[in-house]
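Here is the structure we will look at.
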Ligand SMILES: N[C@@H](CCC(=O)N[C@@H](CS)C(=O)NCC(=O)O)C(=O)O
């Protein structure tokens, strides 16, 4: 049975959601962040030395990295769904976004998070981070102009991967800017995800 090692309020939500979309039986092993440091508990290092979530285990294999896990699950259990056919231009676009989600888009988001902990000492970095946030979120917002999903007309693994970035853009830092969104297409995308029964099932099963 597939096991997903899931950390509260983390990117491992993407994988529990994808497992629900796939309709694949799975077991959730839940971990709670330390309330002060926000780090994962040390037990997660027993599953993988990095101690980061998500970690997926299946058939004796241990997988880390959301993008690689998404690709594996869709290849293994997708039955032709959630990814375009290899060799098509949609497939190239799909791979680009699957990598882009963690390879580029997360960097300014994480920088903002960490630098915010420095208080005033971090102020010199704020303008550069803001420019990079706008650069990446503006790009993603523009890519969704006139379309519901990032690739083709149906949900793919690229949307699952980019869901976290869109959610941070729209609902991050305890705010919800959907009534007056800076990135209206990302806001629409977040609403679309929220409305998916599989996403709701993932939340009901392993927490919001
Ligand atoms: N690029 C990795 C990021 C993994 C990662 O850093 N996960 C965070 C949660 S969003 C984590 O485990 N943080 C707790 C810690 O660093 O102790 C992925 O997408 O899987």
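No lab work stands behind these numbers, since they all come straight from the coordinates. Owing to the predicted nature of the structure, the values given are computational and were not obtained by experimental measurement. When we count neighbours, we look across all protein chains shown, and the Cβ atoms used for this are built from the backbone with ideal geometry, even at glycine.
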Original post:
Where in segment 109-148 does the amide nitrogen come within less than 20 Å of the point 7 Å from the Cα of residue 37, taken along Cα to Cβ?
Top reply: 110-111, 113-119
Original post:
Exposure proxy check: 131, 2, 64 ranked by fewest other beta carbons within 10 Å?
Top reply: 131, 64, 2
Subject >> For the chain: relative contact order, % (alpha-carbon pairs under 8 angstrom, 6 or more apart) >> reply: 22 percent
Original post:
How compact and how long is segment 33-81, expressed as Rg and Dmax of its alpha-carbon atoms in Å?
Top reply: 13.3, 43
Subject >> For segment 89-196: span of alpha carbons on each principal axis (Å, largest first) >> reply: 45, 30, 19
**OP:** Go ahead and estimate [θ] at 222 nm for the chain from helices alone: -39,500 (n - 2.57) per DSSP H run with n ≥ 4, summed, over the residue count, rounded to 500.
**Re:** -15000 deg cm²/dmol
**OP:** Using packing as a proxy for protection, rank 157-163, 147-153 so that the peptide with the highest average count of other Cβ atoms within 10 Å comes first.
**Re:** 157-163, 147-153
**OP:** Average the reciprocal distances over every distinct pair of alpha-carbons in the chain, invert the result, and give the Kirkwood radius in Å.
**Re:** 17.9 Å
